[in-house]
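Since the structure comes first, as structure tokens, the remarks are kept for the end.
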């Protein structure tokens, strides 16, 4: 019997610890397509694929708000892209400015501390 005790202790030491719950999970939103309309008419089209980094376990709650978020993003960016408002540099999308606006709109719609980060997965810009 004395020999079994060290064997049991050794077995428990070699067991892997339970996997830790991650801090965040990701919600991939449906792509957004925005026309850029200036005084010359439709000049460009921008497609954005956005992913939200949310606290673990809250993805479903945030997903339920996806239509409202998409509407807020489109409403804000639609006019801003057409008039410039610092979102274009030499006729090219200013990614940090877009990300900043998306982050502000996310906080307006969901409130603070609901999304850790707004990630731009894909940004495509095409001339017309």
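Taken together, the values in this text are just the output of simple stated rules run on the coordinates, not laboratory data. Because the structure is a prediction, the values reported are computed rather than measured. Neighbour counts are summed over all protein chains in view; Cβ atoms, including those assigned to glycine, are modelled from backbone coordinates with ideal geometry.
Grab the beta carbon distance between residue 89 and residue 21, set R0 = 30 Å, and tell me the FRET efficiency rounded to 0.05.
On the way: r = 41 Å, r/R0 = 1.36.
After rounding, the FRET efficiency stands at 0.15.
Once the Cα-Cα distance is subtracted from the 0.36 nm per residue extended length, the residue 59 to residue 128 segment shows a gain of 21.2 nm. Across all directions, the average flat footprint of the convex hull enclosing the Cα atoms of the stretch 23-127 is 6.2 nm².
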